[in-house]
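Novice: To start, I am sharing the structure in question, which I have written as structure tokens.
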Amino acid sequence: GLRFVRGDQGLGALLVAPTLLAVFVSPVFFAALPVHLNSAGSALGLGLVYSAYGGGAALGAVGYAWLDRRLGRRRLFLLATAGQTAGVAILAALPPRPLLLTGALLVGVAYGPISPLVGVVVAERTPAPLRARVFGAVAAPVALATPLGVIVGGAVLAALPVGGVVAAAAVGCGAVTLAQLRWPAVPDAPAQPHPP
């Protein structure tokens, strides 16, 4: 599976961008915000932030089919990465609860379409006999990036304030977004189907 992904430039980029986003976003939600809201004594606030993020992700995933037809794949992926950047930037200010929930909702809505979009592109670009291995090869780095991001975020929290850690995550998400302008991970047009 990895050999096939390495040989396909589009799939290689599609593996890197979501993995980096997971590295940058996971410490925000699973290290920095829990520390911030725990110091404020707000378990309810943390539950609301997670609910806003999860609800937003569900909305984004459900809206994928509608958005894909209207925006095109590349523009949708660029908007998704930019939306995550904007949401994390809002969270970096550690604003009052309504804005904190708005930032979490925006990150979730922007994250939602990424998984279905990646799945469609991988299915189109991969011959049927290799699909299971390629899906695993593309999904595994993202799954590994989340705990890695949390570990790194926790270590950085020992040296930087919470707002600094979240701001650094926003800069990382912004770099992924800017990279999409030069090295797009998602093509505009569907790939030609592989012969059987």
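Novice: Given a cut-off of under 8 Å on Cα pairs at least six residues apart, what relative contact order in percent is computed for the chain?
Specialist: That works out to 40 percent.
Novice: At 1.4 Å probe size, with the rest of the protein present, what percent of the exposed accessible area of region 83-143 is carbon and sulfur atoms? Working shown, then result.
Specialist: Working: 1890 of 2470 Å².
Its accessible area is 76 percent carbon and sulfur atoms.
Novice: At q = 0.17, 0.19 Å⁻¹, what is the log10 ratio I(q)/I(0) for the chain, with the Debye formula run over Cα points and no solvent?
Specialist: These q points yield log10 I(q)/I(0) values of -1.08, -1.28.
Novice: Per DSSP H run of at least 4 residues, take -39500 (n - 2.57); add these up for the chain, divide by its residues and hand me the 222 nm value, nearest 500 deg cm²/dmol.
Specialist: Details: 10 runs with 155 residues, N = 196.
Mean residue ellipticity at 222 nm (helix-derived): -26000 deg cm²/dmol.
Novice: I'd like the Karplus ³J(HN,Hα) series for region 27-39: coefficients 6.51, -1.76, 1.60, θ = phi - 60°, whole numbers in Hz, and an x wherever there's a Gly or Pro.
Specialist: Coupling constants for region 27-39: x, 5, 7, 10, 9, 5, 5, x, 5, 4, 6, 5, 5 Hz.
Novice: I would also like to ask the following. So how much slack lies between LEU71 and LEU178, counting 0.36 nm per residue of separation and subtracting their Cα-Cα distance, in nm?
Specialist: Gain in length upon complete extension: 36.7 nm.
The values are calculated or read from the model by the stated rules, or taken from the named source; none is laboratory data. Here the structure is a predicted model, which is why all the values come from computation and not from measurement. Heads up: the accessible areas ignore ligands, DNA and RNA and are worked out on the full protein's heavy atoms, side chains in. Shrake-Rupley method; radii C 1.70, N 1.55, O 1.52, S 1.80 Å.
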